[in-house]
Amino acid sequence: MNDKTGLSYEDAGVSIEAGNALVKAIAPLARATARPGADAALGGFGGLFDLKAAGFTDPLLVAANDGVGTKLKLAIDCGRHRGVGIDLVAMCVNDLVVQGAEPLFFLDYYATGKLDNDVAAQVVASIAEGCQEAGCALIGGETAEMPGMYAADDYDLAGFCVGAVERGQLIDASRVAAGDVLLGLASNGVHSNGFSLVRRIIEREGWDLDMVVPGDGRGLGEALLAPTRIYVRALLDPIRAGRIHGLAHITGGGLLENIPRSLPQGCHAHVDMTAWERPALFTLLQEGGNVAEAEMARTFNCGIGMVAIVPAHEAEALILELGRAGVETVRIGEVRAGERGCTVTGEGWSATHGQ
């Protein structure tokens with residue numbers, strides 16, 4: 001006779017009921033992201049998308065996946081979860097649009113030590129908000145409760161997005177040439193890269209996340225958690241009109257390492273760091289961490305979240321058009337003949353990265 005107490009999944013720390021309740025709660029959020037080609041219904045084993053219904057005739061599919069990184073730890077510490085879902089979407093859809101692709105559908109993965117439906121719902125609500133901003137449908141996802149893998153209050157996110165571009169509109173650097181102009185599209189702040197360094201600076205300096213950022217007016221935690229800007233809607237029309245030769249999403253690696261990814265052999269990007277006013281938040285981080293200029297340029301976006309490479313005769317018109325679309329844009333440099341790479345210059349210093 002076995003007299004051991006019977007165990008259940010709940011005894012092991014996983015609540016099936018809580019997971020079912022979360023799916024029920026977030027279903028309306030997914031439905032709100034419906035677009036042509038997808039009805040954004042949740043509950044099946046897979047999500048469907050109809051390319052023909054979306055209006056494509058000869059499309060190439062483009063896929064991207066990413067996470068939010070240790071910015072999540074800061075969000076957990078601050079108890080501010082509503083923006084990180086936008087970060088998750090932005091990191092994926094901005095990578096798609098640099099190749100000319102329109103984001104079509106998105107799936108998320110949410111993993112935690114113990115499911116807190118209130119926190120999870122806030123995160124998924126912001127994922128849905130990001131999808132609406134990018135024009136893509138949230139067609140599925142996965143929630144994993146894994147006690148022993150994560151601390152009870154911790155969670156992690158991964159996002160997966162598929163987009164499409166008509167074959168003749170693909171951006172592949174083949175049109176970039178010496179004489180093209182670099183346009184810098186303003187970021188919302190640090191976005192979602194470099195937070196391991198950010199958190200190290202905060203820890204070493206003993207900063208309070210409620211302290212006001214000098215020259216900014218916001219609290220430090222609020223400023224750092226500003227969601228990554230989504231550039232899709234502002235860029236799709238000029239992309240389709242063939243007015244943009246190349247794009248670089250400024251993520252890990254900063255300006256120095258990301259711009260060369262969008263250049264062909266024989267082209268070198270020259271960026272003038274004095275062409276725009278660096279946001280006060282970056283100045284605080286640089287001074288607090290005594291971070292060298294070159295390290296800033298290869299770790300953070302420094303106020304420029306996306307770089308557009310455009311023919312010189314389009315530059316001024318695009319600056320105005322992107323500004324009207326809500327994205328402040330400035331001319332930050334040019335493409336010259338030379339070894340594929342990027343040189344960033346400032347006041348009395350310079351750094352170069354070649355590929």
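Some observations on this one:
- Of the residues screened, Leu247 is not one that is at pLDDT 95 or above and either among the acidic types (Asp, Glu) or in a helix (DSSP H, G or I) (or both).
- Residue match in segment 198-213 (condition: in contact with a strand residue (DSSP E or B) (Cβ under 9 Å, 6 or more places away or on another chain) and either part of a helix (DSSP H, G or I) or open to solvent by less than 10 Å² (accessible area, probe 1.4 Å) (or both)): yes
- Residue within segment 184-197 that is in a helix (DSSP H, G or I), farther than 24 Å from Glu129 by Cβ and either within 24 Å of the chain's Cα centre (by Cα) or not charged (D, E, K, R) (or both) present: yes
- Cβ-Cβ under 9 Å pairs, at least 6 apart or on other chains, segment 19-31 side modelled with pLDDT under 75, far side of a type in the set (Asp, Glu) and open to solvent by less than 50 Å² (accessible area, probe 1.4 Å): Gly19/Glu145
- Taken over segment 337-355, the criterion of being open to solvent by 40 Å² or more (accessible area, probe 1.4 Å) and not in a strand (DSSP E or B) is satisfied by Glu339, Arg340, Glu347, Gly348, Trp349, Gln355.
- When restricted to residues that are charged (D, E, K, R), closer than 16 Å to His81 by Cβ, modelled with pLDDT under 95 and surrounded by 18 or more Cβ atoms within 10 Å (Cβ to Cβ), segment 120-163 contains 0.
- Within segment 60-115, being under 21 Å from Thr299 (Cα atoms) and not aliphatic (A, V, I, L, M) holds for Asn65, Asp66, Gly67, Gly69, Thr70, Lys71, Lys73, Asp87, Cys92, Asn94, Asp95.
- Scanning segment 77-112 for residues that are more than 18 Å from the chain's Cα centre (by Cα) and free of Cβ contacts under 8 Å to residues at least 60 places away in the same chain turns up Gly79, Ala111, Thr112.
The values are calculated or read from the model by the stated rules, or taken from the named source; none is laboratory data. All values reported here derive from a predicted model rather than from experimental measurement. Backbone-built Cβ (ideal geometry, glycine too); neighbour counts: all protein chains shown. Ligands, DNA and RNA are excluded from the accessible area calculation, which covers all protein heavy atoms including side chains. Shrake-Rupley method; radii C 1.70, N 1.55, O 1.52, S 1.80 Å.
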